[in-house]
1. What are the aspartates and glutamates whose alpha-carbon lies under 19 Å from the alpha-carbon of B:Lys144, with same-chain residues fewer than 8 places away excluded?
2. Mind checking the mean number of beta-carbon atoms from other chains within 10 Å of the Cβ atoms in A:73-82?
3. Under 5 Å between amide hydrogens, which residues at least 5 positions from A:Val216 or on another chain qualify, with H placed 1.01 Å from N in the peptide plane?
4. Please list, short to long, the whole-number percent of alpha-carbon pairs of chain A in consecutive 5 angstrom bins beginning at zero.
5. Please identify which residues in segment B:194-217 have an amide N closer than 11 Å to a label point set 7 Å out from the Cα of B:Gln236, following the Cα→Cβ vector.
6. Sort the following peptides by mean Cβ neighbour count (other Cβ atoms within 10 Å, averaged over residues), highest first: B:91-97, A:168-174.
7. Could you pull out the pairs from A:Lys152/B:Lys258; A:Lys122/B:Lys214; B:Lys168/B:Lys254; A:Lys151/B:Lys237; A:Lys122/A:Lys151; A:Lys108/A:Lys221 whose alpha carbons sit more than 31 Å apart here?
8. Placing unit charges on C-beta atoms (Lys and Arg positive, Asp and Glu negative, everything else neutral), compute the dipole magnitude of segment B:139-280 about its Cα centre in debye, rounded to 20.
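Quick note: the coordinates plus some simple rules give every number you see, no bench work behind them. In this text the structure is predicted, and so the values were computed from the model without any measurement. Counting neighbours? That spans all protein chains shown, and the Cβs are built from the backbone with ideal geometry, glycine included.
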Amino acid sequence: MLSIKDLHVNIGDKEILRGINLEIKQGEIHAIMGPNGSGKSTLAAVLAGREMFTVTGGSAHFMGQDLFAMTPEERARMGLFLGFQYPVEIPGLTNVNFMKAAVNEQRKHKNLPPLSSAEFLKIMREKMAIVQMDPSFVGRGVNVGFSGGEKKRNEIFQMAMLEPRLAFLDETDSGLDVDALRVVAQGVNKLKTVENAFVVITHYQRLLDYIVPDIVHVIYKGQIIRTAGKELAAEVENRGYDHIIN
Amino acid sequence: MTEYTYMPEVRRVFSCTVPNANIRQVFLMDGILQDPVSDAGGIVLQKGPDQMGLRLHITGDHSDEPIQIISVRSEDLPQPLEFSTSWELAAGASAQVIVCDHTLNEYLYRTFRFSQIKLGQGARLDILFMQNEHELSRYCLDIKAGLDRDSQLDCHILSLYGGTIQNKLQVSMPQPGATCNLDGLYLADREQAVHYDIAVRHLSEGCHSQQLFKGILDNKARASFNGAIYVAPGAQKTQAYQANHNLLLTREAKITTKPQLEIYADDVKCSHGATIGRLDELGLFYLRSRGISLAEAQMLQQMAFVQDVLDRVHTRSIRSRLEKMVESRLRGEFTRCSHCTMHCC
């Protein structure tokens, strides 16, 4: 589904990713762990198409297509999703109008007619229930005045609406209390099928108690230094990154 | 939503679909009032001096029956046109007025409209100016408003399309307890220019004023905003707020914004703020990462930017009509609209 080969990425003159290799197949859940500044978020952002990064070497193919030849919206329409670590606030744009625009663009891409307002609202209500989001959020500005937990729920809700093939969740657990963490994780588990795949970027083992990964990677200084099964997360938790780095 | 079309026989191809069934439409053709009104309910609408312009006098509560003045310029050999309109509300009266300015041809029209607003004690006027002309038109609106004790003026100006639009608005509050809410939205592209000159004078105590003006400028458009708030000695307990925010879509677009506060009383709350910015990169990426195209993301961000100005239009049906018009204006669909057959108000 996703194949990354020897990926090098710069921000300005600074090299952030220094040769990443990663294969993700459908039905898998990957976890990417690593200390601050190791390049976890950069990897997710560059795959989603954030323009501030420069790809200086290597390749990434999604569903057989060259990811870097596509605009961010084309990647999204092909089924790539990024759950933001810091979801963006957009005052004046309501959640409902935001999602309507996104869903209908996706449908246009699949040669489907736009959803009627009634159909759309029905789907929206169903998906909001998955993350136990209050219906009043529909008419509110995108992420405006949302708490940290509400913003993360909103990311998962958007993911539920768009039904991506591959979703990167960038530190979706940061800033969440235990209850919110459980709701978010349950949301992800409900959306998991044998056909899609998830990459969960996290600092902590805690989220991985709820979303159980098949494969765990540790990134350090822009390279994947260890790849193993879910026991690697426990090892990080118990012995720290230093132990793996050295 | 009830819609009906007004197709006056004598007035060539002009139709105006308004979303309110109970709206009263009156035409002002080249400055001349077509349908004087004098009804028993307290609305008197007649021609002004020299048969030009109009005078509206209102008694009683008419806030639920909006009056729409459709002012159209249509002459084939246009001369500069100057006329005055006056809006007078008796004590305790209330009214909602929509003034739409259009041109039927693409000639160089120059229009100077002087407008006087007089609100009696406790009167309430909600007035909306829709400026929708064409590339060559030169339009000047000069409003002077006097507010009596405890009266309220809500004035919205929507500068949608025009070659050069100049809006002057002076509000005086010589009696205590008056309120004025002024807001405006200006959209300009190519080489269009829009100028706003606002002065709010707090001359007595306990008056409130609030201003919100926003603009989006594309291509080589120019705009200026001068906003003065004056608080006279003794005008204690004044509350006066002003905000002007601008979005520039290109490097060539220019805005000059000059907020001014002059305060001679010491127990007041006043603030002003002006910003000039561009579309937000991160916000655009967020929208695009959900599959929304760049053009659509830019559009959504612009609509989001102007939303709080539109939200100040209280009547829902009129507001949603304005939202649609602003959207089609921002999408560049207005260039063929100079003949006003697009049912745009």
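1. The reachable aspartates and glutamates, counting only those whose Cα sits under 19 Å from B:Lys144, are B:Glu82, B:Glu88, B:Asp101, B:Asp126, B:Asp154, B:Asp183, B:Asp197.
2. On the way: counts 12, 3, 3, 6, 4, 1, 1, 2, 3, 4.
The per-residue average across the peptide is 4.
3. The answer is A:Ala31, A:Ala228, A:Gly229.
4. Using 5 Å bins, I get a P(r) of 1, 6, 13, 18, 19, 17, 13, 8, 3, 1, 0, 0 for chain A.
5. B:205-206
6. On the way: B:91-97: 20.1, A:168-174: 23.6.
By packing density, highest mean first, the sequence is A:168-174, B:91-97.
7. Details: A:Lys152/B:Lys258 40 Å; A:Lys122/B:Lys214 35 Å; B:Lys168/B:Lys254 20 Å; A:Lys151/B:Lys237 40 Å; A:Lys122/A:Lys151 21 Å; A:Lys108/A:Lys221 41 Å.
Beyond 31 Å between Cα atoms: A:Lys152/B:Lys258; A:Lys122/B:Lys214; A:Lys151/B:Lys237; A:Lys108/A:Lys221.
8. On the way: 14 positive and 15 negative charges, 77 e Å.
About 360 debye.
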